[in-house]
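*Asks:* Got a structure here, written out as structure tokens. Questions coming.
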Amino acid sequence: MIKKTLLSITIFMISFVAHALEMPEIFSDNMMLQQNTEAKIWGWASPGSVVEVTVSWNNQKIYRTANANGRWDVEVKTPKASYDLQSVVIKECEAKGKKVIDSKTINNVLIGEVWFCSGQSNMEMPLGGFWNCPVEGANEVIAQAGRYKKSIRVVTIDKHGTAEPQDRVKGQWQICEPKNAGGFSACGYFFAQTLTDLLDVPVGIISCAWGGSCVEGWLPKEILETYPDGLVPFSDFDYMQKMVMYNGMLHPLAGYTVKGFLWNQGESNIGRENEYADRFKTMVNLWRKMWNQPGDKLPIYTVELPPYWYDDVNGQNGPKFRDVQHKIAHELANSGCVCTSDLIYDYEPMQIHGTKKKEIGQRLAYMAAVRDYGVEGIAAEAPEFEYMTECDASNDDNTVIAGSKVQSPDMKGQVSKIYQLYFTNAQDGFDRMTDIEGFEAQDENGNWYPAVVWSSSAWQNVERVGCFLKLACPQAKEVKAIRYCYKNFVKGSLHNMRGLPVVPFTTEK
């Protein structure tokens, strides 16, 4: 009996040692590694054993000794991006050059550009859509996904919330083909599709998002405990718990070498925009340190809060939150926010998951292409209001645009002042000269009225690079403030010449 017991223990120990080499699921077949960098790879082995990592592109061998907890980490120098398939071989040895205990081979590896996509449901939303929430053009996009079989890879991280930081989470890389594409993040996929077309390099997307999650869900306990509301959840729903996404989904991936972050979130923090600004910036700075890449300044590009009913279509919670998002983009280094005010249909006020995901992914990709890859010739920044001046209405009979006279609205005898609104990122003017809707003027009593707006390009009067609009409001004798698309749900119809929408704003303090 004793002999049998000892034999069983011996067999168990041999089995344990023989299978001690483990890797996080994200280091799987079909994975994408960031080009031209020191890509991080890690795993676990028997404490004290030597791990040998060999990469196919240069046959470099790297050795590390597993620490007391069995953890080992290496950095492999990656070449420039290409469509050539590579492999990574990991061996656990008794000592350097000694007996191999176990080995693993990661096949079908690509070297390219890797982006980390996170947030809540509008980032999680797959190409196949949610229940009663379609993605526009999805069937055609999925049917043609095989065209990107050699250039796009996606890993979707399982939604897993925990009270303590984890080292592992499920999620393996997948090849881009119709049978898989329906499950890919739509926003992430369209970003990858646009970027690979622009750069002619493979692009990988790590989709790590959970619908309904608040920004606090992606922060650790030690930071949350410094806030007045601490760890108190916003509701009983799992996705509204604090720190659980950080612990269960983000922490296991921290350090996987990427080019930057994409973030689509905010709906669950609406109404708390002031505290959101601080917490979001804290989150970004933390993530940059966790990824520990040069300068701790990985870019992060966010998506403007979508038009939606929220508490009332004419309410102000949505636009106030959008204001904060764009303010953050100006204050936080290497960050930007793409405007989405035009990406809705009239029937969508109660639809938080808008169908137009392609344009969002494209705009994110344009921003990354211009800012991070130096691509020239494309527009990436939306027009933003900068300042306003007054002029005498009697002197504004008409304006010459591209050699043609455009008669301004007949305001004589109705208003004494016309306002010129100056915008950045509209050097060539706007996409229309009349029928510009969405602008309102506030009178001295605080009432808002629709304003009449028309386009102008009298460049000799422009003090900075950009263009201006002219505005008048007969109903407001003394205009105290002006705003544009400043409601929860209103469609922006004004763009610059490259189709990027004017960012909603208000001059009211």
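*Asks:* Looking at the range 206-240, which of the residues that are of a type outside the set (D, E, K, R) and free of Cβ contacts under 8 Å to residues at least 24 places away in the same chain is surrounded by the most Cβ atoms within 10 Å (Cβ to Cβ)?
*Replies:* L224
*Asks:* Follow-up. Inside the range 170-202, can you point out the residues that are in a loop (DSSP other than H, G, I, E, B), open to solvent by 20 Å² or more (accessible area, probe 1.4 Å) and within 17 Å of I26 (Cβ to Cβ)?
*Replies:* K170, Q172, G183
*Asks:* I would also like to ask the following. Would you point out which residue out of K281, K289 is within 20 Å of the chain's Cα centre (by Cα), surrounded by fewer than 22 Cβ atoms within 10 Å (Cβ to Cβ) and either touching a residue at least 40 places away in the same chain (Cβ under 8 Å) or assigned to a loop (DSSP other than H, G, I, E, B) (or both)?
*Replies:* K281
*Asks:* Here is a further query. If a residue has to be assigned to a loop (DSSP other than H, G, I, E, B) and within 22 Å of the chain's Cα centre (by Cα) to count, how many in the range 96-127 make the cut?
*Replies:* Of the residues in that region, 3 qualify.
Residues checked against (1) within 20 Å of C339 (Cβ to Cβ); (2) polar (S, T, N, Q); (3) at pLDDT 90 or above:
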{"site": "G446", "(1), (2), (3)": "no, no, yes"}
{"site": "Y449", "(1), (2), (3)": "no, no, yes"}
{"site": "S456", "(1), (2), (3)": "no, yes, no"}
{"site": "N461", "(1), (2), (3)": "no, yes, no"}
{"site": "G466", "(1), (2), (3)": "yes, no, no"}
{"site": "K470", "(1), (2), (3)": "no, no, no"}
{"site": "A476", "(1), (2), (3)": "no, no, no"}
{"site": "Y486", "(1), (2), (3)": "yes, no, yes"}
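*Asks:* I would also like to ask the following. Got a sec? Which of D397, D342, D392, D311 is modelled with pLDDT of 95 or more and open to solvent by 10 Å² or more (accessible area, probe 1.4 Å)?
*Replies:* D342
*Asks:* If we keep just the residues of the range 138-166 that are of a type in the set (D, E, K, R) and more than 12 Å from M249 (Cβ to Cβ), which is surrounded by the most Cβ atoms within 10 Å (Cβ to Cβ)?
*Replies:* Restricting to residues being of a type in the set (D, E, K, R) and more than 12 Å from M249 (Cβ to Cβ), the top hit is R153.
*Asks:* Okay, moving on. Restricting the search to the range 97-125, which residues are open to solvent by 20 Å² or more (accessible area, probe 1.4 Å) and within 17 Å of F190 (Cβ to Cβ)?
*Replies:* Within the range 97-125, just E124 meets the criteria.
The values are calculated or read from the model by the stated rules, or taken from the named source; none is laboratory data. Computed from a predicted structure; not experimentally measured. Reconstructed Cβ throughout: ideal geometry from the backbone, glycine too, with neighbour counts over all protein chains shown. These accessible areas exclude ligands, DNA and RNA; they are computed on the full protein's heavy atoms, side chains included. Shrake-Rupley method; radii C 1.70, N 1.55, O 1.52, S 1.80 Å.
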